[in-house]
Every structure is written in C-alpha cells, then in structure tokens.
1. Could you check the range 45-111 for helices (runs of 4 or more DSSP H) lying wholly inside it with 3 or more residues that are under 21 Å from the mean Cα position of the chain (by Cα) and surrounded by 20 or more Cβ atoms within 10 Å (Cβ to Cβ)?
2. Out of all the residues in the range 326-357, which are within 16 Å of the ligand (Cβ to nearest atom) and closer than 22 Å to SER440 by Cα?
3. Check whether at least one residue in the range 155-164 is buried (at least 19 other Cβ atoms within 10 Å of the Cβ) and modelled with pLDDT of 95 or more, and report yes or no.
4. Can you pull out the residues in the range 713-745 that are closer than 27 Å to ALA575 by Cα, in a helix (DSSP H, G or I) and among the β-branched types (Val, Ile, Thr)?
5. Between a residue in the range 316-335 that is under 18 Å from PHE381 (Cβ atoms) and open to solvent by 10 Å² or more (accessible area, probe 1.4 Å) and any residue that is of a type in the set (Gly, Ala, Ser) and not in a helix (DSSP H, G or I), which pairs come within a Cβ distance under 9 Å, given they are 6 or more apart or on different chains?
6. Scan the range 114-132 residue by residue and report those that are over 14 Å from THR207 (Cβ atoms) and either β-branched (Val, Ile, Thr) or open to solvent by less than 10 Å² (accessible area, probe 1.4 Å) (or both).
7. Need the failing condition index for LEU308 against (1) within 16 Å of the ligand (Cβ to nearest atom); (2) open to solvent by 40 Å² or more (accessible area, probe 1.4 Å), just the number.
8. Can you pull out the residues in the range 509-540 that are surrounded by fewer than 19 Cβ atoms within 10 Å (Cβ to Cβ) and among the polar types (S, T, N, Q)?
Amino acid sequence: MTADDLRAALLRHLQYSLGKDRGTATVYDIRMALTLAVRDQVVTPWFESTRQTYAAQSKRVYYLSLEFLIGRLLEDAVNNLGLGKATQETLAGLGFDTAEVLANEPDAALGNGGLGRLAACFLDSMSTIGCPGMGYGIRYEHGLFRQRFHEGRQVEEAEDWLRERHGWEFERPEVSMLIGFGGHVDEVDGRMEWAPADAVMAMAHDTPIVGWQGKWANTLRLWGAEPIQTFDLDAFNRGDFVGATAQEAFARTISRVLYPDDTTPEGKELRLKQEYFFTAASLRDILRRFLTEYDDLTLLPEKVAIQLNDTHPAIAGPELVRILHDEHGMAFDQAVDIARGTLAFTNHTLLPEALESWPQDLMGRVLPRHMQIIARIEEAFLADHPDSPIRILDAGNVKMGELSFIMAHRVNGVSALHTELVKSTVFAELHQTFPDRIVSQTNGVTPRRWVLGANPRLSALITDTIGDGWVDDLEALQMLEPHIEDAGFIEAYATAKTENKAELAAWIKDTAGVAVDPAAMFDVQIKRIHEYKRQHMNILETIALWQAMRAAPDAGWTPRVKIFGGKAAPGYVRAKEVVRLINDVARVINADPVTGDMLKVVYPANYNVTMAEKLIPASDLSEQISTAGKEASGTGNMKFALNGALTIGTLDGANVEIRERVGAENFFLFGMTAEEVVACREDPQHQAKAIAASPRLAAALGAIGAGTFSEGDTERYAGVLGDLRGHDYFTVCADFDSYWDAQRTVDAAFADPARWMRMAALNTARSGWFSSDRTIRGYMADIWGIKPLI
Ligand code: NBG
C-alpha cells in the first residue's frame, strides 16, 4: 500500500465511516479513520490464515486468559504491515502529527501486569510465526483502574476505554452463547442434566491480530455479557422503570470490570462467575468449530490444544468433561482422558494466596453439576493413586491448582528457576506422581513492540548494522557483538540512549513537574507494587543514599534519577503505604538544595503499557530486586536488557537466565538465593540482626520513623516499619547491605561511560533469546504439538 492509497482509504473512512469532512476532523476522527484504513489491510491476511488453517486441517491452539494487557494497537499494526512511512506521510499531508494521532488511542488495560502482558506478547508471536490459534478472554467495560495521587496517596478511578468506539473490533452478535448459573441437577434416563436457574448471553467481539509483515493474522475473541432479555416491558408498564432493566444490569455486571488484584481473588462470587462465563463460552465456541470439521470427539486432543493461563480458566476441565459426558454421552473416564489430552496449564506464581481456591458451598451453588464432576475427578485420581496425599477438595474448598494439574497433560513454569520451584514446592507430590508432566517455558517479549515500536532510534541503528532480520529472528542480535569493539558503533549506541533520555526528561517535566538531568543515571523500577518486589527496599536505599550525599556532598557522587511506576491493588494496604512513602520521599528529596541534581525521585502516576514503552528505552538501570524465589519470571527485566539497561537484581525468576546470557560481568548481582532466603527466615531475629549490623539501614528506617518525610507525623509509616522490624518476611533488611554495595558498584561503572555503554550494548546483543517467538515455538513443540503454517 502506497502513501497515496493509505491517504485515500483514510479519507474514505473519515467521510463514510465517521461522517466527517477534513475541515472539521479532530485528532480522534483522524486516528479512528486511520485505524479503520489499517484494519482493512489486516482483513485479507486474516481471512487467508483461516482458509489455510482449514485447508491444512491443522491443529489449533486456544489461549484462555482472564487478562490481555494489549495496550495500544495502532502503532503495532502499522509497523507489522510496513506502513510506517506511508502513515507519516499521510498524516503530515493532512496537517497532523503522527505521535499525537497515535497517542490518541486509549491504552487497553484488560490485565493487571505480567500475566496479562505475556498473553498479549504471545498473540503477536503466534501471528508472526503462523501458529493457528485464538486468544479468548473477557471484554471488560472497565479495564484496570486509573491511578492518581492525592497528597501522595493512591486514588483509584474507573477506567473507561470503551467510552470511545473500539476501532479494532468486529462485533459478532451471531456468535452468542447462553451461559447458565445455579439451579439444580436432575437425572434423566440415566444421564445427569444440569438445569441452571439464571443465564446470560456471551457475545463475541473479534480483534484481528496481525503478525510481522502481515503474513498471518489470528483472532483475539473477547466475550461481552449481555442479558437474554434486555427489557421487561410488563414491569415497565407497571411503572417499575428500574425493575424493567434489572435483568440487563445483572448480566452486564459479569463483564463490567477487571478485578484489580493479581494475587487474591476478591469479590468471590462474581469473580467465579466471570471465570466460568468466559471459559464456558470459549469451550462451546471451540467445540462448535471442531464439530464443523470432524465428527469424532475422541480426535479432540489431536486437533485442539487449550492453554489455561493460570488457574483462572481451570473450570475448563470439569466443563469439558460435562459436555463430553453429560451432553455427548461419552464414558466418564474417557471424557476425563480426552479433556486432559486437550488441556495444558501454565503456573505463574508460587505465592500461596494467589493459588485460587473456592469454597465448596459457593461452587456448589453457582455450578452444581461441576461440583459433582470435580468430586468424581478426585475419586478417579485417588482410585489410581490410593497413597497420594493430594486432594482437590480440601477443608471445604476446591483447590484450582490441584484440579488444573490433574486435568492437564502438561504443566509449565515460566522460567527455569520457577519451574524447579514448582516441582519442589507447590506441586511436589503431584510431580512425584507425574514426573513427565511439568515442563519449563521461559517467558519472552515481542521485539516488534518492545524494541522496534518503542525504541525507533536503537532499531534504526541495529538495522543499519546487521539488517532487519532481527525483528522476527531476535537471536540475530548476536551479530552486533563484533561491532561493539568499534568505537563508532558504541558512540551511535550511546547517542540513541542519550536522545531517548532527553525525550523522557521532557516528558517527566511535563507530567510530573520535576526537572531531571538527562546526563544522570536513569534508575527505573516499574511493575505492580508488591512487598515481594521490594519497592520499599529501593526507597530505603534512596533514603540512605540521600543521607550519605548530605553528609559528604563533595564526595563525587554519580547523579541519579530514581524512577518508580506501578499500581497497588486497591485493597492491599501495605502496598498503598509504600506508594505514599515513595511520593513523600520524592517530595522531600526533590526540594533539597544540598543534593540538587545529584538525586531526584520521580513517580509518574498511572503506569501502564504505554508508559512502559516510554520509560524502558530511556533507562540505564533496571531494578529487578525481588525476594529470591518469589518472582516467577518477570518480563520487564527482558525488555530492559534488550533496550540496553543494565540489571541490578537478585537470582530470581528469569534474572538467572538473563545473567547467564549477558554474562555475569554485565549484570549487578546481589542478595540471597532462594535457598538462602528460606534458611534466613528460620532465624526469627534475621531482621533485627541485619538492622543492628547496618547503621545505614538503621538510619534510613529511623528517618522514616522520625517523620522526616511525613511532615513530622511519626505514625504514618508505622505499618511498614513494624513489618520490617517485626518479621520482615520478604527479607528486605537481610539483603539491604548487599543491595547498597551493588548500587555503589553500579555508580562506579556508570562513571566510566565508555565501559557502561559497552556493557549496555552487550546486553542488547545477548538478549535475543528472550523473544516471545522463541517461547511460542517452545510451547508449540513441547506442549501443543503444532507446526507453524508459514
Ligand atoms: C506473573 C509473575 C511474573 C511473570 C508473569 C508472567 C501473575 C500471577 N504472575 O513473574 O509474577 O513474569 O506472571 O508469567 O501475574
């Protein structure tokens, strides 16, 4: 498509789809017209991919995920279709600024963090590789809440991405599934029949996801909940205007809001209904498609792979058994085998509070037939393994982790270390029983968004140096290595970073009102606020550094800008205290003339995918400082390394593999190993001893306690301080000195720019393995048994 073609298509949509002319078109109109024009270009490869899949009678994969953190889509699609230049020209010709038009698109935040963003990267990779498949999820009316700070405190506001038309999607009212809840189970002619009491419609909305160079496109199908009957005319005629829409309100509640918590399932009943709603609708859709091609349900494992993204869709096991056994009359044991052959399950965390479990009475009330089937699945398992201590039904709860494991033919962890911990901790007994079931698939990130789209300066340099093959073959970045010895290359690499930093500095000034020096080290920690991720350790180190600088202002400090980004779950009190503490510390330090440009702290509100795209390319230092054994993988860590930020981190999650690849000398390691953390906790005095041994840590804690950052209020941070001095489960104190020392090594390295840039470039050159293309190829080979169709 030439720029002229694109321009014509845009103007046509402006007129006929949006009903606007050029004279009155706003940025929104132009963005929407461009979106529709670009979307048109996706339709052909999309149809073609479907045709090819049918023609090849290929197996398909269905990725079931309660979260898809897709962010903005326009730039991705433009880049993947090679329309970057045409878009620039077209928009400039119409008098619009490309960046402004792209920035007009809302950030679709249908996820909380890593798990949801991983699902979005996987969609991009599946379409790039030509892996036939679909993503299935919920079309939340309100995505993750918008974060604002009021006097340093986090305030949550409803997010509203669908207020504007969603330009990418195709509504499919003809693909509507009736989803029941509650009711009772009857035996009819020897078969169990579930008679639900309530029901809603799940209506499909499709977003095509086009891969690199437009060679393939898959579908993200999101279900919206609709009432069966929107309006009760009788009630209305009786004058009961509110009652007349009650049905509608109940139904729509189900897809109203994403649960803003990635560790604890709240709002129990509604959350369970959401999970069943999208899982059941997806399974029905999958089986409908399967049955148009094949009439033998025992072929299911050969033709269909269903990946459960964490336990959220775990009800897929019993639901599939119910359909096969109750509805299609397959023998129970065979139905279980067929379901297991089809299903695979990814575990994303070892945090015990995150492994879902539902009260049996709740599950029995909402899904009475499933409750019976789960009991039978457990019975069958125990009949085969009479000595197993494992129970799905335990102390009045249904344990979804155990259910998922038993109902899946493959279970995977998301990094090498995490997978080993899955084997030795949460699923130790089940692993003994099924030693071949657990496999490892280290996470990855899509280079199209996280390098090509987010970092055009670095991308241009890479392409000039080694050609553009790296975009869908990221390990080609290795070819940069010989160039790293070339001073000209390093200079160009440094220039790209410097320009990115200058751009970010201007943005920080605009949004957070803080002036920062682009020559200072940009030290960045962006991720959900959680105790195990230890933002509080970072802020304690910031305080200690500030105190040290004040004590010796002329000691030749390396200037730093500490940048934080992240949301705390609304009900997570301790995390919200940390949010406020960071803001309080920032206010005091940023106003200190003694430290001035040597130290600044910024925390822009409302961290999201779009903000990550701005921050990561401009970062020097990547903070990956979790308590070892707690971060399953991390994916931000990979994005930073690719974009030439050096990591300061613990031996946790994928940090371990990043360090192996980039080289220990290009990674700042500190802290205890996962094993040492466990041993450390055995001494109930570990935190007291660490504080006693570290005057620096004691002084930082003391300053918080004395109200230095809280206008003299000595109680504001009593909770955080009490935890740290009390039991300090996340071993912040025990790791503090090691972290401080590593930070001083970082200072010294940064003070030698040539050496630093060389280390950064080596990170880029050696991180190609962390492409989600590699991860998807791994799933295809080891879990799904699917071959690429490109
Ligand atoms: C998160 C982990 C991350 C990991 C992502 C993607 C959940 C439940 N888990 O470490 O905390 O990178 O999953 O696998 O969101």
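1. 74-80
2. Once the filter is applied, which keeps residues that are within 16 Å of the ligand (Cβ to nearest atom) and closer than 22 Å to SER440 by Cα, the range 326-357 yields ALA344, PHE345, THR346, ASN347, HIS348, THR349, LEU350, LEU351, PRO352, ALA354, LEU355, GLU356.
3. no
4. Correct list: VAL720, VAL732.
5. So the pair list comes out as HIS325/ALA331.
6. GLY116, LEU118, CYS121, PHE122, SER125, THR128, ILE129, GLY130, CYS131, PRO132, listed by residue number.
7. Answer for LEU308: the failing condition is (2).
8. If the condition is that a residue be surrounded by fewer than 19 Cβ atoms within 10 Å (Cβ to Cβ) and among the polar types (S, T, N, Q), then THR511 is the only one that fits.
The values are calculated or read from the model by the stated rules, or taken from the named source; none is laboratory data. Owing to the predicted nature of the structure, the values given are computational and were not obtained by experimental measurement. Cβ sites come from the backbone with ideal geometry, for glycine too, and all protein chains shown count toward neighbours. Protein only, heavy atoms only, side chains kept; ligands, DNA and RNA dropped before computing areas. Shrake-Rupley method; radii C 1.70, N 1.55, O 1.52, S 1.80 Å.
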